[in-house]
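Read through the structure below, which is laid out as structure tokens, and then see the notes.
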């Protein structure tokens, strides 16, 4: 059985993280081509480096299978002040999440979620949130199986 380890990424692993991010982007482009730009431009490529360089606000996590980066998550530690409609909110937001297709159904995604839960608790953040596109049935099924529930829904009407 393969050993799965989840930990913060090292800078030298960010190129591999970008390979995985590109795979995730391609799924989004295919699922919603009018919304997502094809390709993996420099702005997208550099985004993970910008996050990596702000560890007080962001985390870049990797899931390794026998030492190989098989999955990743980019997360934000959110601290919103009280607003006219809302209380102050502190939460752990998953910005991007993905596992290489060659490593799926081997526990990598579940290990990433377990790590994020422990990390959120350690940071005093009592909630993890994320958003997922309606076309992405595999992701929806995984997140629901991992215990995520829908608390808000965006809707649209084409005109």
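Read-outs throughout are calculated quantities, based only on the coordinates presented, and are distinct from any laboratory measurement. None of these values were measured; they are calculated from a predicted model. Glycine also receives a Cβ, built like all others from the backbone with ideal geometry; neighbour counts cover every protein chain displayed.
Figures for the structure shown
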{"quantity": "Positions within the stretch 131-144 being assigned to a loop (DSSP other than H, G, I, E, B) and either in contact (Cβ under 8 Å) with a residue 60 or more places away in the chain or surrounded by 14 or more Cβ atoms within 10 Å (Cβ to Cβ) (or both), in sequence order", "calculated": "132, 133, 135, 136"}
{"quantity": "Tally, over the stretch 98-130, of residues that are exposed (fewer than 13 other Cβ atoms within 10 Å of the Cβ), in a loop (DSSP other than H, G, I, E, B) and either without any contact (Cβ under 8 Å) to a residue 12 or more places away in the chain or touching a helix residue (DSSP H, G or I) at 6+ places or on another chain (Cβ under 7 Å) (or both)", "calculated": "1"}
{"quantity": "Odd one out for residue 113, checked against (1) within 15 Å of residue 21 (Cβ to Cβ); (2) touching a strand residue (DSSP E or B) at 6+ places or on another chain (Cβ under 9 Å)", "calculated": "(1)"}
{"quantity": "Residue identified as out of contact with any strand residue (DSSP E or B) (no Cβ under 7 Å at 6 or more places or on another chain) and within 23 Å of residue 17 (Cα to Cα) among 129, 138, 100", "calculated": "138"}
{"quantity": "Test: residue 155 is in a helix (DSSP H, G or I) and out of contact with any helix residue (DSSP H, G or I) (no Cβ under 8 Å at 6 or more places or on another chain)", "calculated": "no"}
